[in-house]
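**Student:** Got a structure here, written out as structure tokens. Questions coming.
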Amino acid sequence: MSGDFIRRDRAWHPPGLTPNYKTSVLRAPRRALLSFEQSIGEKSGPAFGHGAIDPLDNDLIANFNTGAPALGERILLHGRVLDECGRPVPHTLIEIWQANAAGRYRHVNDGYLAPLDPNFGGCGRTLSDAEGRYHFLTIKPGPYPWRNNGSDWRAAHIHLSIFGEAFAQRLITQIYFEGDPLIALCPIVNTIPDKRAIDMLIARLDMGEMAPFDRLAYRFDIVLRGRRATYFENRTEGA
Amino acid sequence: MPVDYLKETPSQTAGPYVHIGTLPAAAGLPLRTQENLHVLAQGAAAGERIRLEGVIHDGAGAPVKDAMLEIWQADASGRYNAPGFSGWGRTAADFKTGEWFFETVKPGPTPWRDGRLQAPHVSLLIFARGINIHLHTRAYFSDETAANEADPVLRAIEQRNRVPTLIAQRSTRGGQTVYRFDVWLQHDERETVFFDM
């Protein structure tokens, strides 16, 4: 077992209570989080193997399995998973979900008037490779309205869930797209207090990875909590 | 100047449609319909079979019906990542009632940093619309009184009246051992203890 994970900088993440995102008001704990050092349960986590992953799982253009491609702007979403110390995070499970090109989710609870795409499910997953790289083929999702302050609009986004090597690194976030004017207006984006942190959630247009006459590309790197070395660590698990 | 590190990617809410990517069958997609990620006790996994269940309540006392929950635990011998028992589970709160449950085995005690034992417990993460960064808590077991009293994490909770928020209550229902673990996101007296670890 390696060393402890670097403390999570809670001032960098959105706080629990963000009144302009109204749903947070009744779902945010009032008490302070209790801080503890990590034990084996926080420093370990589930390992997912290739056996569970279908070859089409990272191709959302094709993986609804209708035989026809999804409608919309075809993109490659790719990047690297690193930790705060700059080390690649290999073989970790990444899951994504998103609305279709019209801004509609394929979910029993989504009633937005925009149409479903018969060839798009909106669910993907993959494992990072030995160098921490990952990629998905998908379509760029559309923005959509939600109630909040009347009719707010979500900036176009892809949800991303990642495990890392331990439960302490678990993270769910959202990816936005460079140049979208709705980013600055989105109450959920603006739960994050620091502009530099918001910038980390914006995928960059990557013309180097564009495929001619096929699709554009966006680059999105992910940073998980870093892990300390174990020099002269005090007695650890069972030692 | 202090040494520079990269900054962690900031969290965003998992939103109301979290099921599409994490439990697609629950969202209504014809995908992975055989997955039963809420069932950890498979095959020959050793240990007492238990059902861990509850409801998450918001600050108005209403059930949270769109949450996704994950657990991580040791096996019955207190080992993580042990062969034959993954220790990880995922489920969705019921869209109508907010009830959730896992079928698992009761974990054994696990070591704390200094070699003392931690009482048996299951780590629980909560993701949902309106939760900007996932909440982390632990379910301990009501029939482990002595171990709970010695547990280094429970012992360090200054407000002793908050400790019961982390104790799942044991009962028997139809021959099955059930532990009830209701979560209160926001409450004057009963708010669940959440961790930053």
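**Student:** With respect to A:ARG8, is the statement that it is at the interface with chain B (Cβ under 7 Å from one of its Cβ atoms), closer than 30 Å to A:ALA130 by Cβ and open to solvent by less than 60 Å² (accessible area, probe 1.4 Å) true?
**Tutor:** yes
**Student:** Same structure again: List, please: which pairs have Cβ atoms under 7 Å, are six or more places apart or on different chains, and start with a residue in the range A:13-37 that is farther than 18 Å from B:LEU166 by Cα and of a type outside the set (Asp, Glu) and end with one that is open to solvent by less than 70 Å² (accessible area, probe 1.4 Å) and outside any loop (DSSP other than H, G, I, E, B)?
**Tutor:** If the second residue must be open to solvent by less than 70 Å² (accessible area, probe 1.4 Å) and outside any loop (DSSP other than H, G, I, E, B), the pairs left are A:PRO14/A:THR191; A:GLY16/A:SER24; A:LEU17/A:SER24; A:LEU17/A:VAL25; A:THR18/A:SER24; A:THR18/A:THR191; A:PRO19/A:VAL25; A:TYR21/A:THR191.
Yes or no, residue by residue, for (1) farther than 26 Å from A:PHE5 by Cβ; (2) open to solvent by 70 Å² or more (accessible area, probe 1.4 Å); (3) at pLDDT 95 or above:
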| position | (1), (2), (3) |
| --- | --- |
| A:TYR176 | yes, no, yes |
| A:PRO181 | yes, yes, yes |
| A:CYS186 | yes, no, yes |
| A:PRO193 | no, yes, yes |
| A:ALA217 | yes, no, yes |
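**Student:** Would it be correct to say that B:THR104 is farther than 30 Å from A:LEU26 by Cβ and touching a strand residue (DSSP E or B) at 6+ places or on another chain (Cβ under 7 Å)?
**Tutor:** Details: farther than 30 Å from A:LEU26 by Cβ: no; touching a strand residue (DSSP E or B) at 6+ places or on another chain (Cβ under 7 Å): yes.
So B:THR104 does not fit the description; no.
**Student:** Does the range A:38-56 include one or more residues that are under 28 Å from B:PHE95 (Cα atoms), in contact with a Gly (Cβ under 9 Å, 6 or more places away or on another chain) and of a type in the set (S, T, N, Q)?
**Tutor:** No: zero hits.
**Student:** Among the residues of the range B:168-182, is there at least one that is touching a helix residue (DSSP H, G or I) at 6+ places or on another chain (Cβ under 8 Å), on the phi < 0 side of the Ramachandran plot and either surrounded by 15 or more Cβ atoms within 10 Å (Cβ to Cβ) or more than 10 Å from chain A (Cβ to nearest Cβ) (or both)?
**Tutor:** no
**Student:** Across the range B:72-119, what is the total count of residues that are without any contact (Cβ under 8 Å) to a residue 40 or more places away in the chain, open to solvent by less than 70 Å² (accessible area, probe 1.4 Å) and part of a strand (DSSP E or B)?
**Tutor:** Qualifying residue count, the range B:72-119: 3.
**Student:** What pairs come out if I take residues in the range B:183-197 that are more than 7 Å from chain A (Cβ to nearest Cβ) and in contact (Cβ under 8 Å) with a residue 24 or more places away in the chain and pair them with residues that are open to solvent by 30 Å² or more (accessible area, probe 1.4 Å) and of a type in the set (S, T, N, Q) whose C-beta lies under 9 Å away, six or more apart or interchain?
**Tutor:** If the second residue must be open to solvent by 30 Å² or more (accessible area, probe 1.4 Å) and of a type in the set (S, T, N, Q), the pairs left are B:GLU189/B:ASN161.
**Student:** For residues that are of a type in the set (S, T, N, Q) and within 16 Å of A:LEU116 (Cβ to Cβ), tally how many sit in the range B:1-31.
**Tutor:** Adding up the residues that qualify gives 0.
Matching residues to (1) at pLDDT 95 or above; (2) assigned to a loop (DSSP other than H, G, I, E, B); (3) more than 20 Å from B:GLY84 (Cβ to Cβ); (4) in contact with a helix residue (DSSP H, G or I) (Cβ under 7 Å, 6 or more places away or on another chain):
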| site | (1), (2), (3), (4) |
| --- | --- |
| B:PRO2 | no, yes, yes, no |
| B:LEU6 | yes, yes, yes, no |
| B:LEU29 | yes, yes, yes, yes |
| B:THR33 | no, yes, yes, yes |
| B:GLY43 | no, yes, no, no |
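**Student:** Also, quick follow-up: As an exercise: evaluate B:PRO63 against (1) out of contact with any strand residue (DSSP E or B) (no Cβ under 7 Å at 6 or more places or on another chain); (2) surrounded by fewer than 20 Cβ atoms within 10 Å (Cβ to Cβ) and give the number of the one condition it does not meet.
**Tutor:** (1)
**Student:** Quick one: how many residues across the range B:138-164 are crowded, with 21+ Cβ neighbours inside 10 Å and of a type in the set (Ser, Thr, Tyr)?
**Tutor:** 1
**Student:** Can you name every residue in the range A:153-176 that is more than 10 Å from every other protein chain (Cβ to nearest Cβ) and either in a helix (DSSP H, G or I) or more than 17 Å from A:GLY122 (Cα to Cα) (or both)?
**Tutor:** A:TRP153, A:GLY164, A:GLU165
**Student:** Can you tell me which of A:ALA28, A:ALA32, A:ALA52 is open to solvent by 70 Å² or more (accessible area, probe 1.4 Å) and within 12 Å of chain B (Cβ to nearest Cβ)?
**Tutor:** The match here is A:ALA32.
**Student:** So which of A:PHE48, A:PHE5, A:PHE36 is under 30 Å from A:ASN100 (Cβ atoms) and among the aromatic types (Phe, Trp, Tyr)?
**Tutor:** Details: A:PHE5 fails: under 30 Å from A:ASN100 (Cβ atoms); A:PHE36 fails: under 30 Å from A:ASN100 (Cβ atoms).
Exactly one residue qualifies, and that residue is A:PHE48.
**Student:** Can you tell me which residue within the range A:92-142, out of those that are open to solvent by less than 10 Å² (accessible area, probe 1.4 Å) and among the polar types (S, T, N, Q), is nearest to A:ASP206 (Cα to Cα)?
**Tutor:** Looking at residues that are open to solvent by less than 10 Å² (accessible area, probe 1.4 Å) and among the polar types (S, T, N, Q), I get A:THR138.
**Student:** Here's something else I'd like to know. Looking only at residues in the range B:38-60 that are surrounded by fewer than 17 Cβ atoms within 10 Å (Cβ to Cβ) and of a type in the set (A, V, I, L, M), which one is farthest from B:ARG190 (Cα to Cα)?
**Tutor:** Among those that are surrounded by fewer than 17 Cβ atoms within 10 Å (Cβ to Cβ) and of a type in the set (A, V, I, L, M), it is B:ALA44.
The values are calculated or read from the model by the stated rules, or taken from the named source; none is laboratory data. Only a predicted model underlies this, so the values are computations on that prediction, with no experimental measurement involved. Note that each Cβ is placed from the backbone with ideal geometry, even for glycine, and that neighbours are counted across all protein chains shown. These accessible areas exclude ligands, DNA and RNA; they are computed on the full protein's heavy atoms, side chains included. Shrake-Rupley method; radii C 1.70, N 1.55, O 1.52, S 1.80 Å.
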